[in-house]
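The structure appears right after this line, and notes come after that.
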Amino acid sequence: MATDLQELFAFLAVVQAGGFREAARKSGSSASSLSEAVRRLETRLGVRLLNRTTRSVAPTEAGTRLAERLVPALGEVEASLDVVSGFRDRPAGTLRLNVPTVAARLVLPGIVTPFLKAYPDIRLEVIAEDSFVDMLASGCDAGIRYDERLEQDMIAVPIGPRFQRIATAAAPAYLDARGRPEHPRDLLDHACLRGQFPSGSIPTWEFERDGKVLQVDPSGPLLVRIGAAVDLAVAAAVDGLGIIHLFEEWLRPHFDSGALEPVLEPWWQTFSGPFLYYPGRRHLPSPLRAFVDFIRSR
């Protein structure tokens with residue numbers, strides 16, 4: 001049965017975007033052309049692939065099964081075509097990265113601009129989210145993760161700072177009024193500004209000194225979603241609401257200005273920096289190959 005590849009690409013784009021308008025925005029096509037391509041595919045196959053309502057578009061069971069098989073298959077098609085495009089003078093195409101918010105905030109700013117200036121024919125899409133997703137199933141070419149969250153069977157390339165620390169801090173006015181903690185357990189008597197993962201779990205605060213790791217679970221007046229609302233917690237800390245526990249680089253501007261004062265610094269935990277990870281297939285898309293080479297050169 002002959003099927004137009006563009007119809008398959010259109011169908012997968014709609015599934016991954018969750019609708020025709022968003023798929024059109026991401027792909028540069030029109031919503032009407034995508035809708036027509038999917039309609040032709042459904043007619044050709046004789047099976048409904050999408051359930052459409054005025055508010056949403058969702059794959060049927062048959063559509064879900066097809067999408068699951070298309071992600072790796074069309075990925076290989078694109079990779080094969082990129083082998084040919086690699087003979088061009090400059091790499092071209094779209095590179096999609098799935099990254100945690102902290103990487104978008106602290107790692108990518110020093111990389112994105114020089115990379116895109118070096119490769120003007122590449123278009124970079126960055127999807128920042130803090131839930132643990134299947135990078136390939138989400139339609140991305142590569143991702144950024146920390147070592148403990150790397151997926152198996154992936155190639156990992158160091159990106160960004162190789163060592164980072166989680167800092168603890170508060171506004172000087174808060175510390176003058178409530179006292180300065182001398183041991184992590186002292187935080188149990190303080191107002192602490194906490195973070196929550198998209199899964200709903202609230203991570204404990206970890207500290208380390210002389211090889212000894214200590215976890216504390218303090219309470220406080222503010223709980224924010226890790227990633228999306230962290231800046232709200234930082235602002236609250238600067239305003240004297242409580243103590244915050246966050247990446248040192250995120251708080252560094254407030255240390256430099258004096259708006260926040262470091263506390264418990266001998267106990268700050270050091271850990272390895274993030275990695276760019278991607279599938280170890282033979283032919284990488286040319287935009288991804290260019291990005292990997294760019295990162296390694298730095």
* **All positions within the stretch 244-297 that are in contact (Cβ under 8 Å) with a residue 60 or more places away in the chain and hydroxyl-bearing (S, T, Y)** => T270, S272, Y277, Y278, S286
* Structure fact -> Residue pairs within 7 Å by beta carbon, gap of at least six or interchain, first lying in the stretch 165-178 and over 12 Å from G240 (Cβ atoms) and open to solvent by 10 Å² or more (accessible area, probe 1.4 Å), second not in a helix (DSSP H, G or I) and not aromatic (F, W, Y), listed first then second, are R165/Q269; R165/T270; I166/H245; I166/L246; I166/Q269
* **Boolean, E265 is in contact with a Ser or Thr (Cβ under 9 Å, 6 or more places away or on another chain) and either open to solvent by 60 Å² or more (accessible area, probe 1.4 Å) or modelled with pLDDT under 95 (or both)** => yes
* Exactly one of (1) surrounded by 14 or more Cβ atoms within 10 Å (Cβ to Cβ); (2) part of a helix (DSSP H, G or I) is unmet by S29. Its number? -> (2)
* Asked: Which of (1) at pLDDT below 95; (2) over 18 Å from E248 (Cα atoms) does P203 not meet, given it meets every other one?
  -> (2)
* Which of the residues that make up the stretch 189-206 are open to solvent by 30 Å² or more (accessible area, probe 1.4 Å) and farther than 12 Å from G242 by Cα? -> Q196, F197, P198, S199, G200, S201, I202, P203, T204, E206
* Options R298, R289; residue that is among the basic types (K, R) and surrounded by 14 or more Cβ atoms within 10 Å (Cβ to Cβ) -> R289
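With respect to V157, is the statement that it is open to solvent by less than 70 Å² (accessible area, probe 1.4 Å), under 17 Å from the mean Cα position of the chain (by Cα) and of a type in the set (A, V, I, L, M, F, W, C) true?
On the way: open to solvent by less than 70 Å² (accessible area, probe 1.4 Å): yes; under 17 Å from the mean Cα position of the chain (by Cα): yes; of a type in the set (A, V, I, L, M, F, W, C): yes.
In short, yes.
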* Out of G227, G258, G200, sole residue that is of a type in the set (G, A, S) and within 30 Å of Y119 (Cα to Cα) -> G227
* Is it the case that the stretch 34-55 has a residue that's without any contact (Cβ under 8 Å) to a residue 12 or more places away in the chain, within 27 Å of G93 (Cβ to Cβ) and basic (K, R)? -> no
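The values are calculated or read from the model by the stated rules, or taken from the named source; none is laboratory data. All of these numbers come straight from a predicted model, not from anything done at the bench. Cβ: placed from backbone, ideal geometry, glycine included. Neighbour counts: every protein chain shown. Ligands, DNA and RNA are stripped out before the accessible areas are found, and what is left, the full protein with its side chains, is counted by its heavy atoms. Shrake-Rupley method; radii C 1.70, N 1.55, O 1.52, S 1.80 Å.
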